[in-house]
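A quick write-up on the structure given underneath.
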Amino acid sequence: NTEYSSTKAYEKAVRKQLKASNEANAENSAKLELFNQIMDNSKVKKYPEKELKSRCDQIKNTYAKIAMDNDLDFAEYLKNELGLTEEEFNKEVKATAKDAVKQELILRQIAELEGISVSKKDYNDYLDELLEKNGHTRSSYKKEMGISIVEYAESNNLYSSLLYNRVMDKIYSNSQAR
């Protein structure tokens, strides 16, 4: 009761699938290594305060929600679950936010220099593709998750993910890592 006519056909299909998966994993690892090299060799002259504050707030709100969902006082959550004081947590948040903003700035700069863009249609198509891969429509997602895919995408930086994919596809295709 399978789509394969024999065990041999099934094994061939599995080998083909594993090969494709291994190739995709190798390519993704190479792209990540390339991006890490770019990050290591890049410097930000001045961080945009608005973006830095926004990213810090986003990180803090995520942890505050986790604490609240677990019926814990925020300071108690930090101490018991993360082993941090609020001061230590704030330092970690700032460092994480700076790194994230640096990544964003680098991606946008490379995209601009390479003529890479993401149109509104591209972005919406990307979100619809993600929904379809996970067996959802926009309305079924909102009904099941309680937020729209656009709200989820904004809070999880899916625009940046799409831009990263496009930038890294271009860099990888021009690199010797292939």
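The values are calculated or read from the model by the stated rules, or taken from the named source; none is laboratory data. Everything numeric here is computed off the predicted structure, so don't read it as measured data. A quick note on method: Cβ atoms are made from the backbone with ideal geometry, for glycine too, and the neighbour counts reach across all protein chains shown. Accessible surface areas use protein heavy atoms only, side chains included; no ligands, DNA or RNA. Shrake-Rupley method; radii C 1.70, N 1.55, O 1.52, S 1.80 Å.
How do the helices (runs of 4 or more DSSP H) wholly within the stretch 75-177 filter down when requiring 3 or more residues that are open to solvent by less than 90 Å² (accessible area, probe 1.4 Å) and not small (G, A, S): which remain?
In the stretch 75-177, the matching helices (runs of 4 or more DSSP H) lie at 86-114, 120-133, 149-155, 158-173.
V101 fails exactly one of the following numbered conditions: (1) free of Cβ contacts under 8 Å to residues at least 40 places away in the same chain; (2) within 21 Å of the chain's Cα centre (by Cα). What is the number of that condition?
It is condition (1) that V101 fails.
Among the numbered criteria (1) in a helix (DSSP H, G or I); (2) within 22 Å of the chain's Cα centre (by Cα); (3) not hydroxyl-bearing (S, T, Y), which one does V44 miss?
(1) is the only condition that V44 fails.
Considering each of E11, E51, E33 in turn, give the residue that is under 20 Å from V93 (Cα atoms), at pLDDT 90 or above and open to solvent by less than 100 Å² (accessible area, probe 1.4 Å).
Selected residue: E51, the only one of E11, E51, E33 that is under 20 Å from V93 (Cα atoms), at pLDDT 90 or above and open to solvent by less than 100 Å² (accessible area, probe 1.4 Å).
Regarding the stretch 106-119, can at least one residue be identified that is under 24 Å from Q37 (Cα atoms) and in contact with a Ser or Thr (Cβ under 6 Å, 6 or more places away or on another chain)?
Yes, the conditions are met somewhere in the stretch 106-119.
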